[in-house]
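These notes concern the structure reproduced below.
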Amino acid sequence: MAQPIPVLIIGAGNIGQAIGKVISKNASIGYWDKDPAKIKGERDLDKAIQKARIIFLCTPSWTIRGIARQIVRAVGSRSQDSDSDKKNQRPETKDPGPKLVISLSKGIEDNSAKLPCEILKEELGGKADSGVLAGPMIAEELNKGEPTVAVMGLDHARWHKPLTALFDGTSLSLTFSDDLKGLS
């Protein structure tokens, strides 16, 4: 069996929990939410970000810019660790490598009228890749294991294989697109 993919779900509401349940057999999942009562485990968002390879944003569109900035700070602080710090890391804090940030948010940012995919591209600035997951995903149906199809919009095709593995054998079937704006 392949090594589970380290995933962070930011926003532990209904859709965040449902996505987590869908991918649970193929992922090592961490949750983070502004409401600490919704999560167990890591409460430090920077550390949670550093542990993840794929990050799902299951939050309202008006929070995307602030979260993207937090991701950049967390990735930047990890990349600035000294070599001796990296050698002495415990296995659970080892940086898993390049990151993909996937938005499930709908809507636009009030002051800029930008879509979440546009905000991610602007704010991540090459520190992480971005994507959009869109489709008829209803949390209640996902929790029941009812089959559904979603489209994963990505700015880099290198994520097709890891995402296919992440959703392999689940009730959510993925197709891929490079039209993030259209999906948003």
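Brief remarks on what is shown
- Residue check for VAL101: modelled with pLDDT of 90 or more, touching a strand residue (DSSP E or B) at 6+ places or on another chain (Cβ under 6 Å) and among the β-branched types (Val, Ile, Thr): yes
- The one condition from (1) open to solvent by less than 50 Å² (accessible area, probe 1.4 Å); (2) without any contact (Cβ under 8 Å) to a residue 12 or more places away in the chain; (3) of a type in the set (Ser, Thr, Tyr) that SER24 does not meet is (1).
- Of residues in the stretch 158-171 being of a type outside the set (D, E, K, R) and over 16 Å from the mean Cα position of the chain (by Cα), the one surrounded by the fewest Cβ atoms within 10 Å (Cβ to Cβ): GLY169
- Residues satisfying the stated conditions in the stretch 102-113, i.e. more than 16 Å from the chain's Cα centre (by Cα) and either surrounded by 19 or more Cβ atoms within 10 Å (Cβ to Cβ) or of a type in the set (Ser, Thr, Tyr) (or both): SER112
- One residue from ASP178, ASP129 being more than 23 Å from SER28 (Cα to Cα) and of a type in the set (Asp, Glu): ASP178
- For the stretch 6-21, filtering for residues that are farther than 19 Å from ILE71 by Cα and open to solvent by less than 10 Å² (accessible area, probe 1.4 Å) leaves 3.
- Considering SER79, SER84, the condition of being within 23 Å of LEU154 (Cβ to Cβ), at pLDDT below 95 and open to solvent by 10 Å² or more (accessible area, probe 1.4 Å) is satisfied by SER79 alone.
- The set of residues in the stretch 30-58 that are closer than 14 Å to ILE102 by Cβ and surrounded by fewer than 22 Cβ atoms within 10 Å (Cβ to Cβ) contains only ARG53.
- Matching residues, the stretch 1-47, being in a helix (DSSP H, G or I) and more than 26 Å from SER184 (Cα to Cα): PRO36, ALA37, LYS38, ASP46, LYS47
- Contact map, the stretch 159-184: first residue part of a strand (DSSP E or B), second residue open to solvent by 60 Å² or more (accessible area, probe 1.4 Å), Cβ cut-off under 6 Å, separation 6 or more or different chains; pairs are SER173/VAL149; PHE176/HIS160.
Quick grid of which residues meet (1) in contact (Cβ under 8 Å) with a residue 12 or more places away in the chain; (2) under 17 Å from ALA139 (Cβ atoms); (3) touching a Pro at 6+ places or on another chain (Cβ under 6 Å):
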| position | (1), (2), (3) |
| --- | --- |
| ALA12 | yes, yes, no |
| ILE19 | yes, yes, no |
| PRO36 | no, no, no |
| GLY41 | no, no, no |
| ASP44 | no, no, no |
| ILE54 | yes, no, no |
| LEU57 | yes, yes, no |
| TRP62 | yes, no, no |
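- Residue that is surrounded by the most Cβ atoms within 10 Å (Cβ to Cβ) [pool: residues in the stretch 137-150 that are in a strand (DSSP E or B) and not polar (S, T, N, Q)]: ALA150
- For the stretch 122-136, a residue qualifies if it is within 30 Å of ALA74 (Cα to Cα) and open to solvent by 30 Å² or more (accessible area, probe 1.4 Å), and the qualifying residues are GLU122, GLU123, GLY125, GLY126, LYS127, GLY135.
The values are calculated or read from the model by the stated rules, or taken from the named source; none is laboratory data. Quick caveat: nothing in here was measured; it's all calculated off a predicted structure. Every residue, glycine as well, gets a Cβ built from its backbone with ideal geometry; the counts of neighbours run over all protein chains shown. Accessible surface is based on the protein model in full, side chains and every heavy atom, while ligands, DNA and RNA are left aside. Shrake-Rupley method; radii C 1.70, N 1.55, O 1.52, S 1.80 Å.
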